[in-house]
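Just so you know, all these numbers are worked out from the coordinates, no wet-lab data involved. If you're wondering where the values come from, they're calculated on a predicted model, not measured in any experiment. Cβ placement follows ideal geometry from the backbone for every residue including glycine, while neighbour counts extend to all protein chains displayed.
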Amino acid sequence: MSGTLVLVRHGQSEWNLKNLFTGWRDPGLTEQGHAEAKSAGEKLKARGLKFDIAFTSALSRAQTTCQHILDVLGQGDLKTIRNAALNERDYGDLNGLNKDDARAKWGEEQVHIWRRSYDTPPPGGESLKDTGARVWPYYLHDMQKHVLSGGTVLVAAHGNSLRALIMALDGISGPDIVKLELGTGVPIVYKLNADSTVASKDVLA
Ligand SMILES: O=C(O)[C@H](O)COP(=O)(O)O
């Protein structure tokens, strides 16, 4: 057995609440989002987890979520690395549009493909494959070593940057990744083997 990797999608953001494509835009958390982030911290505390290092994106909704979790654990000063490699998928021309308005304009099926498919990018934006092409190398070069040396690592990021990471960790295929949805503020606890494969996965819903 090696270390522990905890992935948490940020709590509900102002634009999640308004049903807007967000991507690299930077809205804050709603009241519910702050509560979800603190509750994620409580769930991790109940498991007796303490982190050795935290990683988050360059976007405030993930950073605030990360800080709430660490504060609940009494680790508010923990070394935390922010990197845009963990940012949400860039939704391109869809950023700022209402998701229902987009469905009315382009059709339910097309919008679902843009949101959930592996390799079809939204206009002017990133596919999940493109997102994975920045997330996975960042994981391999900067994060994995902390887990494989026995550490407990927190990653507070986004629905699609985490879907890309989970796709690689779990060996999920392009067609199957369409079905993976991540809840806001729900911690996913991985134990990794020393050879970097997954020993166990627990979703703290
Ligand atoms: O960027 C966004 O709009 C959301 O955070 C994630 O969007 P999705 O649910 O369409 O993947």
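Taking the stretch 13-150 as the region of interest, the number of lysine pairs whose Cα atoms are within less than 17 Å, with members eight or more places apart or on different chains, is 4.
Taking a sphere under 14 Å around the Cβ of P123 and counting the other residues whose Cβ falls inside, with K and R at +1 and D and E at -1, yields a net charge of -1.
The amide H of T120, built 1.01 Å from its N in the peptide plane, has L128 as neighbours under 5 Å, considering only residues 5 or more places off or on other chains. The 3J(HN,Hα) values that the Karplus relation (6.51, -1.76, 1.60; θ = phi - 60°) gives for the stretch 41-57 are, in residue order, x, 5, 5, 6, 5, 4, 7, x, 7, 10, 9, 9, 6, 10, 10, 8, 8 Hz. Gly and Pro appear as x.
Here the contact order of the chain, divided by its residue count and restricted to Cα pairs under 8 Å and six or more residues apart, works out to 34 percent.
Based on every Cα atom in the chain, Rg and the maximum pairwise Cα distance Dmax equal 16.3, 50 Å. Dipole size of the chain about its Cα centre, with +1 on Lys/Arg Cβ and -1 on Asp/Glu Cβ: approximately 340 debye, rounded to the nearest 20. Each of L7, P175, Y91 was scored by the projection of its Cα onto the charge dipole of the chain, and the greatest displacement toward the positive side belongs to L7; charges sit on the C-beta of Lys, Arg, Asp and Glu. Shape of the stretch 1-97 from its Cα gyration tensor (a ≥ b ≥ c, root eigenvalues): rounded if a/c is under 1.5, otherwise prolate when a/b > b/c, or oblate? Because a/c hits 1.5 or more and a/b exceeds b/c, the stretch 1-97 counts as prolate.
Couplings 3J(HN,Hα) for the stretch 63-73, derived from phi with the Karplus relation 6.51 cos²θ - 1.76 cosθ + 1.60 (θ = phi - 60°), are 5, 5, 4, 4, 5, 4, 4, 5, 4, 4, 7 Hz, where x marks Gly and Pro. Rounded to the nearest 10 degrees, the angle from helix 128-138 to the longest Cα principal axis of the chain is 20 degrees. Loop-located trypsin sites (Lys or Arg not before Pro) across the stretch 77-161 with a Cβ neighbour count of 13 or fewer within 10 Å are K79, with loop assigned by DSSP.
Using a cutoff of 8 angstrom between alpha carbon atoms and counting only pairs six or more residues apart, the relative contact order for the stretch 43-148 works out to 23 percent. A simple rule links phi to the HN-Hα coupling: the Karplus curve 6.51 cos²θ - 1.76 cosθ + 1.60 with θ = phi - 60°, which for the stretch 162-174 gives 6, 4, 5, 5, 5, 4, 6, 4, 8, x, 7, 7, x Hz, with x for Gly and Pro. Among V135, V153, V198, the order by Cβ neighbours within 10 angstrom, fewest to most, reads V198, V153, V135.
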